[in-house]
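Inspection log for the structure reproduced underneath, given as structure tokens.
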Amino acid sequence: MITIPHKAKQFGVFIIKLLIVTAAFYFIYDQLAHNDKLNWGEFTSLVKEKASFWGILFLLAFSFVNRFLEILKWQNLVSFLKPISLGESTKQVLGALTAGIFTPNGLGEYAGKALYFDKKKTKKIIFLNLICNGIQMILTIIFGTIGLFILGYWHWAMAITGLSIFFILFSFLSKKMKIKGYSIEKLLFKINEIPKEIHQKNNLLALCRYLVFSHQYYFLFLAFDVDLPYLTMMATIATVYFLASSLPSFQFLDFAVKGSMAVFFFGKLGVNELIVVFISTLMWFLNVVLPVVIGSYYVLKFKPKWE
């Protein structure tokens, strides 16, 4: 067996880390520079007109709380395996976010977090990350379906409700059925292995996070003088997030997918298309780009277990 020298391994890891960070920044630049719907001249003048020190600070606070809640969620779930500090959880969440920005639906995030742990724990870490993201998706479906009902899209809402009930019943009736050695019964057993206190805290943090980023969206619309009733606005935001999250996409394309959905639904309410595109881009910048910039530092500082 050929043994790779330690220095060669270190150099190889450095190149991989550099490629991840370079790719992340390139994808961000590419989306911002080549977005046909985004008129930078109008965008800049509009931001200058609406921006204020306290307004910017207010919106940045939402971004900070949004990501901080995600960090707390991960710290809480990982405590099932071993306690980690808030700093360690921050490193893992932001580093994994950067690694997952150019993978479909952020799948690279799962591998990114697993790299911080022993190989023996890889499956457990991936499972915990599935729990972490799963509750967020469930909340998105629930609020999104309620949003569709409020906006009057009854057929869509009823279809989604029917599919959800069918899936729950099918899961219950076929929980012993195995596919490649896995079954719903086994999955439920694994979920129940995690203490209820951890699940309850995870659910509460996920709910708070949902309310934070949806209201950040809401306050951005207010800042750009969009005058719609609170319930209508929040129902539309919930619908946009739900339908956009249901589509396969990359993190770096997140604002394009959500932006297209937002243009359709807010356009129905008479909101200017440019305003919707600007706000979707700002949401992406505040909640994806800024954390990725910070996460790039953690990627470059990452050291494999054998170093």
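FYI, it's all coordinate maths here, none of it is from the lab. Here the structure is a predicted model, which is why all the values come from computation and not from measurement.
Some points to look at:
- Region 55-208 shape via C-alpha gyration tensor axes, a/c threshold 1.5: oblate
- Residue-span extension gain [SER52 to GLU88] - 0.36 nm each, minus C-alpha spacing: 9.6 nm
- Extension gain, LEU204 back to GLU185 (0.36 nm per residue minus Cα-Cα distance, nm): 4.3 nm
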